[in-house]
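The values are calculated or read from the model by the stated rules, or taken from the named source; none is laboratory data. The shown structure was predicted, so the numbers you read here are calculated from the model rather than taken from an experiment. Cβ placement follows ideal geometry from the backbone for every residue including glycine, while neighbour counts extend to all protein chains displayed.
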Amino acid sequence: MDSQIPWRLMIVGVLVTLKIGLACAKYNSASSYSPYSSYKYTPPSYTYTTLPPLPEPPPTPETTVPTVREKGVPVAYAAAEVLPMTKAEKSAKTGATVLGASRESTRSFDAETGIFPNEHDSLLADLAELAGKDLKGVRFEEIAPTDEEGLRQEGHYTLVAYMDGKRYAVQARNLGDWYDVPASVGLVNTLLKARQRATRLVTLETGDQTVKVRADTIAALSKAPLVWANADDAMKDGKAFEAEALDALEQELAKKSY
């Protein structure tokens, strides 16, 4: 009788072990496991929409400042409206005044300002400084379009120079945050011609959106090994680069379906 007890216990132990093993296998099965009886997994769905194309920039108006060849040198002159200065204009201290102390003959600057208004008056004073004492005492002022016109690139600038009791005014294009370089260089040359000075300003080739201006006499400029550039070339090169960058961005966004 006592010899049968271990045998029976052994059978019971085997059955208990099998039940525990089957229970563990069922519990660990990924296909049968469900944390909640009513839970059902739903994968998230994403909807991608294509961004609308970037707006086309407004066309760049062509400059109205003519360029004249003098001994083969292209010189821009802006047609200015010339009026006598008023008493208020004579006593005004606003704007940028030429000190006539610069000894530089060349100046480079970015055609894109990154601001509005563009502050053409400061640019004009810097350019006039290249002529040294030839334009000493000349005062410049910028009359900018309204903020709303600036955003839409409508309206125009008026660039004013006060010199020798006269007011010289020329219209400049509203090019957003780009200088109207032809109007600026052309106004300075017009003032030099009015004072009967031999110095003239010309623009040189850079290959990018920087402008390089050189000041010298026509005789010296005609003999120098210089590569001339249209005063608008820097802006056109800069805008062409921006257009390529925007096009590359649009293509990249299209690939990612953002």
Check your understanding: If you go through region 145-164 one residue at a time, do you hit one that is of a type in the set (D, E, K, R) and under 27 Å from residue 105 (Cα atoms)?
Key -> yes
Revision key, fill the gap. Of those in region 150-175 that are within 13 Å of residue 117 (Cα to Cα) and of a type in the set (S, T, N, Q), the residue farthest from the chain's Cα centre (by Cα) is 158
Review point. So, of the residues in region 55-105 that are basic (Lys, Arg) and touching a helix residue (DSSP H, G or I) at 6+ places or on another chain (Cβ under 8 Å), which turns out to be farthest from residue 186 (Cα to Cα)?
Key: 103
Review point. Quick one: would you say residue 130 is within 23 Å of residue 211 (Cβ to Cβ), out of contact with any strand residue (DSSP E or B) (no Cβ under 7 Å at 6 or more places or on another chain) and either aliphatic (A, V, I, L, M) or free of Cβ contacts under 8 Å to residues at least 24 places away in the same chain (or both)?
Key: no
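A quick yes/no check of all residues on (1) among the hydrophobic types (A, V, I, L, M, F, W, C); (2) more than 16 Å from residue 178 (Cα to Cα):
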{"position": "116", "(1), (2)": "yes, no"}
{"position": "126", "(1), (2)": "no, yes"}
{"position": "136", "(1), (2)": "no, yes"}
{"position": "151", "(1), (2)": "yes, no"}
{"position": "158", "(1), (2)": "no, no"}
{"position": "165", "(1), (2)": "no, yes"}
Point to revise | Yes/no for residue 6 being outside any loop (DSSP other than H, G, I, E, B), farther than 30 Å from residue 141 by Cβ, of a type outside the set (Lys, Arg) and modelled with pLDDT of 60 or more | key: yes
**Study point:** Only one of 234, 243, 229, 224 that is within 21 Å of residue 104 (Cβ to Cβ), within 18 Å of the chain's Cα centre (by Cα) and either of a type in the set (Asp, Glu) or modelled with pLDDT under 95 (or both)
**Key:** 234
Revision key, fill the gap. When (1) of a type in the set (Val, Ile, Thr); (2) at pLDDT 95 or above; (3) in a loop (DSSP other than H, G, I, E, B) are applied to residue 94, the one that fails is (2)
Check your understanding: Restricting attention to region 106-123, does a residue exist that is among the small types (Gly, Ala, Ser), surrounded by 11 or more Cβ atoms within 10 Å (Cβ to Cβ), out of contact with any helix residue (DSSP H, G or I) (no Cβ under 7 Å at 6 or more places or on another chain) and at pLDDT 95 or above?
Key -> yes
